[in-house]
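Remarks on the structure that follows.
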Amino acid sequence: NATVSELKEYNAYYIDEDTKDKSIYLTFDAGYENGYTELILDVLKKEKVNATFFLVGDYIEENPEIVKRMEREGHIVGNHTMSHPDMSIIINEEVFKKELEDLETLYENTTGKTMQKVYRPPQGKYSEENLKMARELGYTTFFWSLAYVDWYVDKQPTREEALNILNSRIH
């Protein structure tokens, strides 16, 4: 519920107001692999589109080759925390830092690359204190304009309904 200017104070964004370009930032939260990520990567490659994938620890551990492919094909891999907790209730700086740094280490051990300092709080839950801690750790926090709610596998809209939902939320 924060405004663009309030979020900007903490190096956090959900919209880029500083550009005249018409751009869509395509992001994915990958907490588990349900057999679709490689298909998504195929489409992104075919269409020459880069995206950001926010990953959790289990995902990297269980899908190292897919993670390496993301890196190799020029996508940004961001930090969605090691264990996907409700970060808004974490007030201890060391606990907060550990969630992010453990994932950074796992990513580096998996890919041999340093993880970019982009972060998305699990479920979009945050506190002002969390945003400050992320900023102090050098992170830019990214939220979203639309969560597609794909985790409800049996409640998915038709292709046309999905396009209508997506197109109505573009800003």
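The values are calculated or read from the model by the stated rules, or taken from the named source; none is laboratory data. Model, not experiment: these values are computed from the prediction. Note: ideal-geometry Cβ built from the backbone for every residue, glycine included; neighbour counts use all protein chains shown. With ligands, DNA and RNA removed, areas are computed over all heavy atoms of the protein, side chains included. Shrake-Rupley method; radii C 1.70, N 1.55, O 1.52, S 1.80 Å.
Per the Cα gyration tensor, segment 8-56 maps to an equivalent ellipsoid with semi-axes of 25, 17, 6 Å, ordered largest to smallest. Taken as Cα centroids, segment 1-37 and segment 90-106 sit 21 Å apart, rounded to the nearest whole angstrom. For segment 1-65, the Cβ-based charge dipole about the Cα centre amounts to some 420 debye (Lys, Arg positive; Asp, Glu negative; other atoms uncharged).
Counting only protein heavy atoms and a 1.4 Å probe, the chain has 63 square angstrom of accessible area per residue.
May I ask you to list the trypsin sites (Lys or Arg not before Pro) in segment 1-95 that are in a DSSP loop and have at most 11 other Cβ atoms within 10 Å of their Cβ?
Those satisfying the criteria are Lys20, Lys22, Lys48.
Take Arg169: with every protein chain present and a 1.4 Å probe, its accessible area is about 110 Å².
Taking amide H positions as modeled 1.01 Å from N, with prolines and chain starts lacking one, the residues under 5 Å from Tyr13 and 5 or more places away or on another chain are Thr141, Phe142, Phe143. A DSSP coil position with no more than 10 other Cβ atoms inside 10 Å describes the following chymotrypsin sites (Phe, Trp or Tyr not before Pro) in segment 79-171: Tyr152. Each residue of segment 134-146 was assigned a 3J(HN,Hα) from its phi angle through the Karplus curve 6.51 cos²θ - 1.76 cosθ + 1.60 (θ = phi - 60°); the sequence is 4, 4, 5, 7, x, 8, 9, 9, 10, 9, 9, 9, 8 Hz, with glycine and proline shown as x.
For segment 1-91, the relative contact order works out to 26 percent when only alpha carbon pairs closer than 8 Å and six or more residues apart are counted. Restricting the calculation to Cα atoms, every distinct pair contributes to the Kirkwood radius of the chain, found to be 17.0 Å.
About its Cα centre, the chain has a charge dipole of approximately 560 debye under the convention of +1 per Lys or Arg Cβ and -1 per Asp or Glu Cβ, with nothing else charged. Positive-end ranking of Gly57, His80, Thr140 along the dipole of the chain, with charges on Cβ about the Cα centre, is headed by Thr140. Protein heavy-atom surface of the chain, 1.4 angstrom probe: 49% of the accessible area is carbon and sulfur, with nucleic acids and ligands not counted.
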